[in-house]
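Peer 1: A single structure is presented below for examination.
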Amino acid sequence: QVQLVESGGGLVQAGGSLRLSCAASGSIFSFKAMGWYRQAPGKQRELVAAITRGGSTDYADSVKGRFTISRDNAKNTMYLQMNSLKSEDTAVYYCNAKIELGLRLDEYDFWGQGTQVTVSS
C-alpha cells in the first residue's frame with residue numbers, strides 16, 4: 001500500500017506563487033508515473049501535470065508556462081511549482097501515483113488526500 005501526503009497549499013493573491021509537495025511512503029523511482037490533478041467546486045477532476053519514471057513531463061494547456069512538475073527520487077517526493085497563479089487555479093489539488101504490480105504489471109492508482117489552493121483576485 002502506497003501513501004501519498006500533499007502539503008503546501010494555501011491562500012495566495014493572483015500573480016503569486018506556491019509550491020506543492022507530495023511525499024510518498026514508497027520509492028517513487030519505481031512508480032510508472034506521478035501527477036497532480038485538481039478539482040474545483042462543481043467541476044470534474046482534471047490532470048494538471050504529470051511526470052513519468054523516465055522524467056518526461058506533460059501539462060494541461062491552462063498551466064503551461066506557469067507550472068513546473070518535478071520529482072526528487074532520493075526524497076521520494078514530487079513537487080508542483082505554481083507561478084503566476086490565477087483565480088481559476090483555485091481548487092483542491094491531488095497527488096496521484098501510477099504503480100505497476102504483479103507479474104502482469106497491472107496498473108494501480110493511488111491518491112493523496114488533497115490540499116486546497118485558493119487564489120484571490
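Peer 1: When you scan region 85-121, how many residues do you find that are polar (S, T, N, Q) and out of contact with any Phe, Trp or Tyr (no Cβ under 9 Å at 6 or more places or on another chain)?
Peer 2: The total comes to 5.
Peer 1: Of the residues that sit in region 87-116 and are free of Cβ contacts under 8 Å to residues at least 60 places away in the same chain and assigned to a helix (DSSP H, G or I), which one is least open to solvent (accessible area, probe 1.4 Å)?
Peer 2: The residue in question is D89.
Peer 1: Which one of V63, V48, V119 is touching a residue at least 24 places away in the same chain (Cβ under 8 Å), farther than 16 Å from A23 by Cβ and either within 12 Å of the chain's Cα centre (by Cα) or open to solvent by 40 Å² or more (accessible area, probe 1.4 Å) (or both)?
Peer 2: Step by step, each of V63, V48, V119 is checked, and only V48 is touching a residue at least 24 places away in the same chain (Cβ under 8 Å), farther than 16 Å from A23 by Cβ and either within 12 Å of the chain's Cα centre (by Cα) or open to solvent by 40 Å² or more (accessible area, probe 1.4 Å) (or both).
Peer 1: Going by what's in this entry, would A24 be described as more than 24 Å from S120 (Cβ to Cβ), in contact with an Asp or Glu (Cβ under 8 Å, 6 or more places away or on another chain) and either of a type in the set (D, E) or in contact (Cβ under 8 Å) with a residue 12 or more places away in the chain (or both)?
Peer 2: No; evaluated as a whole, the condition is false for this residue.
Peer 1: Additional query: Among the candidates S84, S21, single out the residue that is assigned to a strand (DSSP E or B), open to solvent by less than 70 Å² (accessible area, probe 1.4 Å) and touching a Gly at 6+ places or on another chain (Cβ under 9 Å).
Peer 2: From the options S84, S21, the qualifying one is S21.
Peer 1: Conditions: (1) in a strand (DSSP E or B); (2) modelled with pLDDT of 95 or more. Q44 meets all but one. Number of the miss?
Peer 2: Answer for Q44: the failing condition is (1).
Peer 1: If we scan region 68-76, do we find a residue that is acidic (D, E), exposed (fewer than 13 other Cβ atoms within 10 Å of the Cβ) and outside any loop (DSSP other than H, G, I, E, B)?
Peer 2: Yes, region 68-76 contains at least one residue that is acidic (D, E), exposed (fewer than 13 other Cβ atoms within 10 Å of the Cβ) and outside any loop (DSSP other than H, G, I, E, B).
Peer 1: Is there a residue being among the β-branched types (V, I, T), under 15 Å from S27 (Cα atoms) and modelled with pLDDT under 95 anywhere in region 76-86?
Peer 2: No, that holds for no residue.
The values are calculated or read from the model by the stated rules, or taken from the named source; none is laboratory data. If you're wondering where the values come from, they're calculated on a predicted model, not measured in any experiment. FYI the Cβ positions are ideal-geometry reconstructions off the backbone, even for glycines, and counts take in every protein chain you see. Areas reflect the complete protein model, heavy atoms only, side chains present, ligands, DNA and RNA absent. Shrake-Rupley method; radii C 1.70, N 1.55, O 1.52, S 1.80 Å.
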